[in-house]
Structure formats: C-alpha cells, structure tokens
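Mind looking over this structure? Questions follow.
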Amino acid sequence: MSKFIFVRKTAVLAATAALAIGGVAGCAKEDTGGTTESGVPLVKAGALTTCTHLPYAPFQSKDQSGKVVGFDVALIDLVAAKLNVPQEIVDTPFEGIKSGADLNSGKCDVAAAGMTITDERKKVLDFSEPYFDATQALAVVAGSPVKTLEDLAGKRLGVQGGTTGEEYINAQVKEKGLKIEVVSYKDLAAEQQALSTNQVAAAVNDLPVWNEYIKANPGKVEVAAGFDTGEQYGFAVKKGNAELLKTVNEAIAAARADGTYDKIYATWIGEKPAS
Ligand code: GLN
C-alpha cells in the first residue's frame, strides 16, 4: 500500500516536474525572442538586435573604447528608443546581410550597414524609406597621376566584395572593355589598407567613407573621381516584418521633422549638401 502511494506520489512529482520544465522552456523561449510593449516582434527579448558589417565609418565603426558608433547607429538608436529597448549590434559579413540570410535566421531584427537599396536586394529584404544619398568614388594615394578608370589600364583597382561599388566597377570594365585588374577585399579596412600600402593603384567605395578616411588620415589619400550612381541607403528588416518596418520609418520621419536627423548628419557626416 505504502509502495503504491509512493509510486503515485512519484507520478505526481514527475508530472509537476514536467510542468516545471515546460514552464522553464516557455521562459527560455521568451528569453530568446519577444515582443515589445507596442507589439513589435524581436529576435531577442529586451533588445533591438542590429546586424552590421564593421568597419564602415562614418556609418558604423568602433570608437576608442570599442563601442560601435556612427550615423546608422545613431538613427537605429532612435528606433530602439521608440521600442523602449537598447540597441545591440552584431558584426557579421555583408554577404549574409544583403542576402537576407541573417534576418531570416533570426540573427538580428534590423540590418543597418550603409546598405544601398537595389532591386535585387528588395527581393530578399524589406527596406525602409531611404535615409541617405550616396555616390561611388575613386580614391588614390595623394599625388597619384590616376584620375579616371581609363588611367587604370594594366593596373590593380581595389573594391569591397559584395558591394554596389564592386558591381559598378565590374559593369564598367565589361561595358568599356577596360583592362583593369579588379581586386576584391572582404571589408573596407582591408581595401583602404591595400590602397594606402600601394597594393592597388586606386580603390572604389562609397564617397562618404573616403571623405571620412581623408579626415582621419589627412594628406594620404584623395578622391580622384566621382561616379554619380544615385544610390540611396535603406535599413532592412526580414521580409514581411511590417510592424518593425513601420517603427523604423516612423523614427526616420520624426527625426527628419524635428531636426534630429540634421544633428546626426552634422555629427557624423559634416555639412549637409544643399538640396
Ligand atoms: N553601399 C554599399 C552597398 O550597399 C556598401 C555597403 C557596405 O559596404 N557596408 O553595397
């Protein structure tokens, strides 16, 4: 009899334990994903997780203390503030950002990477309203005779892998039959290093990153030519994440309306071009 009771008690205990485990699992699930007070889903509860590809100053780079700062960071901070959570930044290769893989796998809620809105990327990402206009630029070491793409015949030209700059150059080389050796670097730092150490005769990337590099390293590099590609940057969310996209767009619109955008622009980019 007592044995029977014992068995029953064990069964009850086991059932309670199963419930407890279920409860814990429920909690754990909430820890790895959540929803803000305003109903926006997040891949990790309590934070807005941003994917970016470092370094890409002045849009995102580490400051001396190792904190990631920049134009994009400041704008996404406004989105995070609207959601009442802090922003957490994940550094990851640009390929996974632009392909949608990182957003689809739940690595982050939003991508903010100085990323140009393109028709191809629109197929795999949902972009915010444009938040920045950019062009491509050809940078050379100061005093270089290279002024145009044509001057690069028989020479090496650096680009950054997976970017619109790389696409633009490959298209120009093909279209104009240019005899340029295009060398693709995995990130901006590697490309800039290659230029400053003369491993390439010139390098192409978005104009604002060259302006920033020139500010940080005066007299070393200059912009030889600009290519007006008419690019616009957008933040991206996983396809179909309308709630978060709406919050991102609202934050950008509010910042444009109340002067916050201009302040952030002045801090990270400099004087605003006349529009
Ligand atoms: N604007 C460029 C692009 O979208 C470069 C972005 C980057 O390297 N972070 O391809």
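The values are calculated or read from the model by the stated rules, or taken from the named source; none is laboratory data. Owing to the predicted nature of the structure, the values given are computational and were not obtained by experimental measurement. Cβ: placed from backbone, ideal geometry, glycine included. Neighbour counts: every protein chain shown. Protein only, heavy atoms only, side chains kept; ligands, DNA and RNA dropped before computing areas. Shrake-Rupley method; radii C 1.70, N 1.55, O 1.52, S 1.80 Å.
How much accessible surface area, in Å² rounded to 10, belongs to the heavy atoms of R156 with a 1.4 Å probe?
Number for this one is 90 Å².
If I compute solvent accessible area with a 1.4 Å probe over the protein chains, what percent of it on segment 44-151 is carbon and sulfur?
Percent of accessible area from carbon and sulfur atoms in segment 44-151: 52.
Give me P(r) over segment 182-232, computed from all C-alpha to C-alpha distances, binned every 5 Å, as integer percentages.
4, 18, 32, 27, 15, 4, 0
Right, something else. Calculate, for the chain, the solvent-accessible area per residue in square angstrom, rolling a 1.4 angstrom probe over the heavy atoms of the protein chains. Let's see the in-between values first.
Values: 13990 Å² over 275 residues.
Result: 51 Å² per residue.
For segment 239-275, which GluC sites (Glu not before Pro) are in a loop by DSSP, counting at most 12 other Cβ atoms within 10 Å?
Values: sites: E243, E250, E271; in loops: E271.
Sites meeting the loop and neighbour criteria: E271.
Taking square-rooted eigenvalues a ≥ b ≥ c of the alpha carbon gyration tensor, is segment 123-275 rounded, prolate or oblate, where a/c under 1.5 means rounded and, failing that, a/b exceeding b/c means prolate?
Taking the square roots of the gyration eigenvalues as a ≥ b ≥ c, segment 123-275 is prolate.
In Å, what Rg and Dmax follow from the Cα atoms of the chain?
Rg then Dmax for the chain, in Å: 24.2, 99.
How far is helix 207-216 tilted, in degrees, relative to the longest principal axis of the Cα atoms in the chain, given as a value from 0 to 90 rounded to the nearest 10?
The answer is roughly 80 degrees.
Tell me which residues come under 5 Å, amide H to amide H, from Q87 once H is placed; ignore anything under 5 positions away on its chain.
Result for Q87 returns L48.
Please list, ordered by chain and number, the residues whose modelled amide H lies under 5 Å from the amide H of T36; skip anything fewer than 5 residues away on the same chain.
Residues meeting the criterion, in which the H sits 1.01 Å from N, are L42.
Moving on. Quick one: putting +1 on the C-beta of Lys and Arg, -1 on the C-beta of Asp and Glu, what dipole do you get for the chain around its Cα centre, in Debye to the nearest 20?
Here the size comes out at about 1100 debye.
How much of the accessible area of segment 217-265, probe 1.4 Å, is carbon plus sulfur, in whole percent? Intermediate results must be reported in sequence, preceding the final value.
On the way: 1240 of 2410 Å².
About 51 percent, which is the carbon plus sulfur part of the accessible surface.
Return one number: the angle in degrees, 0 to 90 and rounded to the nearest 10, between the long axis of the Cα atoms of helix 242-258 and the longest principal axis of the Cα atoms of the chain.
Once rounded, the angle reads 50 degrees.
Just to make sure I understand: if all protein chains stay in place, what is the order of W268, W210 by accessible area at 1.4 Å, largest first? Before the final figure, lay out each step's value.
Details: W268 75, W210 0 Å².
In descending accessible area the options line up as W268, W210.
Hey, another quick one. Whole angstrom only: what separates the Cα centroid of segment 42-59 from the Cα centroid of segment 127-172?
About 26 Å separates the Cα centre of segment 42-59 from the one of segment 127-172.
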